[in-house]
Amino acid sequence: MTAQPAPSAPPVQATTRVHEPRREDCPWCGSARLRNRLRTGDLRQYKPGSFTVDECRDCGHTFQNPRLTFEGLALYHRTVRGAPRDVAADTLLALRASRLRHRSAARAMLRFGEPESWLDVGTGHARFPATAREFFPYTSFDGLDHTPRVVRARSADRVEEAHVGLLTNPRIAAALRARYDVVSMLHHLEGTPDPRAELHAALEALRPGGHLLIETLNPRSVYAALLGRWWLAYDQPRHLHLLPPHNLRAELEAAGCTIALLDHRPVHIPHDLSGATALALSHALPVPDTPWRAVPPSPLHRHTRTALLRAGIPLVALASAADHLLAPVASRTRFANTYRVVARKAT
């Protein structure tokens, strides 16, 4: 299997080798009653390929179908020198990792007391543990990520232990079993191949009576239906699963957990209109230069795109202002795009 498709390969051939077989049933409940939500390409990195998102009519689970293989995920997560970067969309995505949001997540755990040990799953550069330490100065924070970024985070003293790999890896699961009072997963489940297995692995890492903190995207948001493929949270092909709140709650309760908190008001991300505007604007303009194009665009083509993107910045800024103006209402209604769950493991 080749890790990088040839630049001249058409989109279908470029993705065939990195897709699993298409599913005819829901990976969450097993129902065969599926409906298509959207078909789209890679709207942010412009890598070749076509991707489908389906929804289960019975449980509402939303998932990429067919799903990328591990090799495919590595391909579409990889940053390639020379790839186009749209500043507007990248800035909006960075909102998820902002210090203000990390402080909100940490503050939500204050009511449960100071934990002795905390594992942050999908921690990346471990910016969340660094922020949470302001609220929990005596807590030992560890980080787990599938990239070596967590090792660099340990060198920067953001975490005490760094684990590289997947939480579902038997070796890692055995080493972390029943070690932590808190396990956090902030915008992690949507990118995992098997979110149910990830949930149960997180519960195994908790001590009895410990707490699982989750923040994830809400596929039932009205914005998803209104904006379609331009809804930033779909982020194809990097997001594999979007879990409705009732599915996540039922799974945790079936595992013996008590739901201590389920809320969407403090975690709604005001980026729906501005994200859609940025993506649609970018794709309405001349196609950007990319390392996987067989024929590079002319200098006039490139300069025209750059000029038009700059001209469109006020439009994106206006949409961003509308997002923030509507946020107090959206966060309290079905427009909310994110939710937070805190579950307590049985003693």
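The values are calculated or read from the model by the stated rules, or taken from the named source; none is laboratory data. It should be emphasised that the depicted structure is a prediction, and the values quoted were computed from it without experimental measurement. Glycine gets a Cβ as well: all are built from the backbone with ideal geometry, and neighbour counts include every protein chain shown.
Here are the numbers:
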read-out	value
Residue match in the stretch 166-184 (condition: of a type in the set (Phe, Trp, Tyr), in contact with a strand residue (DSSP E or B) (Cβ under 8 Å, 6 or more places away or on another chain) and under 15 Å from residue 61 (Cα atoms))	no
Any hit, the stretch 162-180, residues being of a type in the set (Gly, Ala, Ser) and surrounded by 21 or more Cβ atoms within 10 Å (Cβ to Cβ)	no
The stretch 240-268 - residue that is out of contact with any strand residue (DSSP E or B) (no Cβ under 7 Å at 6 or more places or on another chain) and of a type in the set (Gly, Ala, Ser) and, of those, surrounded by the fewest Cβ atoms within 10 Å (Cβ to Cβ)	254
Residue within the stretch 274-285 that is more than 26 Å from residue 185 (Cβ to Cβ), in contact with a Lys or Arg (Cβ under 7 Å, 6 or more places away or on another chain) and outside any helix (DSSP H, G or I) present	yes
Yes/no for residue 200 being of a type outside the set (A, V, I, L, M) and buried (at least 20 other Cβ atoms within 10 Å of the Cβ)	no
Test: residue in the stretch 147-160 that is closer than 24 Å to residue 193 by Cα and acidic (Asp, Glu)	no
Filter result for residue 310 (basic (Lys, Arg) and farther than 27 Å from residue 105 by Cβ)	yes
Boolean, residue 155 is within 18 Å of residue 129 (Cα to Cα), surrounded by fewer than 22 Cβ atoms within 10 Å (Cβ to Cβ) and of a type in the set (Ser, Thr, Tyr)	yes
Residue 177 under 30 Å from residue 71 (Cβ atoms) and of a type in the set (Lys, Arg)	yes
Checking residue 154 against (1) at positive phi; (2) more than 19 Å from the chain's Cα centre (by Cα); (3) not polar (S, T, N, Q), the condition it does not meet	(1)
Search result, residues across the stretch 204-233 that are among the charged types (D, E, K, R), in a strand (DSSP E or B) and over 29 Å from residue 283 (Cβ atoms)	207
Test: residue in the stretch 91-104 that is under 20 Å from the mean Cα position of the chain (by Cα), closer than 30 Å to residue 296 by Cα, modelled with pLDDT under 85 and buried (at least 22 other Cβ atoms within 10 Å of the Cβ)	yes
Count of residues meeting criterion [surrounded by fewer than 19 Cβ atoms within 10 Å (Cβ to Cβ) and within 16 Å of residue 228 (Cα to Cα)] in the stretch 43-59	2
Filter result (assigned to a loop (DSSP other than H, G, I, E, B), within 24 Å of the chain's Cα centre (by Cα) and crowded, with 16+ Cβ neighbours inside 10 Å) within the stretch 291-336	331, 335, 336
